[in-house]
Structures are given as structure tokens and as C-alpha cells.
1. Report relative contact order for the stretch 1-96 in percent, whole number only (criteria: Cα-Cα under 8 Å, sequence separation at least 6).
2. Within the chain, which cysteines find no other Cys whose Cβ is under 4.7 angstrom from their own?
3. So if I restrict to the alpha-carbon atoms in the stretch 109-220, what is the Rg, and what is Dmax, the biggest pairwise distance, in Å?
4. What is the dipole size for the stretch 80-207, taken about its Cα centre, with +1 at each Lys and Arg Cβ and -1 at each Asp and Glu Cβ, in debye to the nearest 20?
5. Note down the nm distance, to one decimal, between modelled labels 7 Å out along Cα→Cβ at Arg52 and at Asp122.
6. Which lysines, if any, have their Cα less than 23 Å from the Cα of Lys26, not counting same-chain residues under 8 positions apart?
7. Sequence neighbours fewer than 8 away in the same chain don't count; with that in mind, list the lysines whose C-alpha is under 27 Å from Lys104.
8. Hey, of (i) 1.10; (ii) 1.06; (iii) 0.95, which did the structure itself give for Cα Rg over 2.2 N^0.38 Å when calculated?
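No lab work stands behind these numbers, since they all come straight from the coordinates. Since the model is a prediction, treat every value here as computed from it, not as a measurement. Cβ placement follows ideal geometry from the backbone for every residue including glycine, while neighbour counts extend to all protein chains displayed.
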Amino acid sequence: MTIPNNLAKYFDHTNLKADCREKEIKKLCAEAKEHGFYSVCVNPAWVKSCARWLKESGVKVCTVIGFPLGANRNLIKASEIKRAIADGAEEVDMVINISKLKDKKISYIKDELTRCKKAAGDKVLKVIIETCFLTDAEKETAVKLCVDAGCDFVKTSTGFGSGGATVEDIQLMKRIGGSSIRIKASGGIKTLESTLNLIEAGANRIGSSGSVTILKEALKI
């Protein structure tokens, strides 16, 4: 497998634990600066602090919206996005309403995606579809809806569901979305091998709490 020269830039270096402490988020930011990761991905309450700690570092701040269940009302998700951007987030990872998707409430999902993309404006909107709960047909529908709404990324997982990113799901998302949308793989990505397999399958971004370990593994080769 070929290791990209810019491997570090694939990573959203992540800590979304409910019990994480300030010192852990500061460490996350320090690691992101040291290794040149694309962003840190944190819960909304940490965005303003991270934006301050990462100012002029080149590392972006990413946060999560409607996380991890996706069950908030559309207007609440849109409001969350606006607040996160005001606090300094440059990218937002929003969980789609999984129940509505599975019930084929397509107009609801269209409204959700449209509202959230409008709220994000020129910032990057990634839509988490939580693939572990979906059939292949539902995954295809979700990707198509994200493309139609002009979303920037479709993302596999929250990391809090029953499964994470798989090569098969990335391939499906790539086949349906083509060049119209980028793909973020997340959930259970802990090794260099899994990272490279996902990138080869079509992932443009990797969300992982194990980014440092993976990068160090790559540097040994």
C-alpha cells in the first residue's frame, strides 16, 4: 500500500468523549499542531477554546451537531451550526435524522439538509449517516440526498453506533456520490492498514482518536 506524502492532512484528530477534561483537549490541539493534522474534532462546548488555542496554527476546528443520535429538530441543528461557527468552528459534522431516513421521510431529510447547509454558509458541512444502522439502499438514498443538497462531505459514522467505517461502505458512497461529494471515514480507525485501505477505497478525510499512533506507524515504514 502506498502512503500519501500528506497523510497527516487526512486526519480530523478527534476527542468526543463525554468525560474528557480540558487538559485532554489542550493535548489534542497540541498534537494537531505538532503533527500537522487537518483539524481537531471536538464537542461544541470546546470550540471557542480550541479556536483560541489553535489561532494562526493552520489547524482547523471541527465540531459535531445533533450528536450522536441525530434526533434533534431541524431548526435546533441549524441553530447549533450557527452558534458553532460564531464560536470559531470552520467545519461541522452533523448527524442525519436516522429514524426519519429509515422511515423514508424524504421531504423531512431534504429540509434538514437544506437548513443545515444554509446555516453552514461557506463553512464545510459533513453529514454523518451512521452506516451501521442502514441498509445499502438507505445508504444510497442518503448519499444522493446529501449531493442534491450541496453538502460538502458524507461521513460514515459517529463512533458511538454499533459499527464504524468499512471499505465496502466507502466504495458504495464513492460509487453513488462520485466527484460530487467528498467522503469522511470515521469510527474504529486505529491502524495504518485500515487508514490506507479506506483512503484507497475513496475516503478524503479520516476521523480518528488514534491519529498520532497511526502517523507514527507510517513514519517507521
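1. After rounding, I find 25 percent.
2. Cys with no partner Cβ under 4.7 Å: Cys20, Cys29, Cys50, Cys116, Cys132.
3. Taking only Cα atoms of the stretch 109-220, I get Rg and Dmax of 14.0, 47 Å.
4. 320 debye
5. Going from the Arg52 label point to the Asp122 one covers 2.6 nm.
6. The qualifying lysines are Lys9, Lys17, Lys48, Lys55, Lys60, Lys190, Lys216.
7. Lys77, Lys117, Lys118, Lys126, Lys139, Lys144, Lys155, Lys174, Lys184
8. Of the labelled values, this structure produces (iii).
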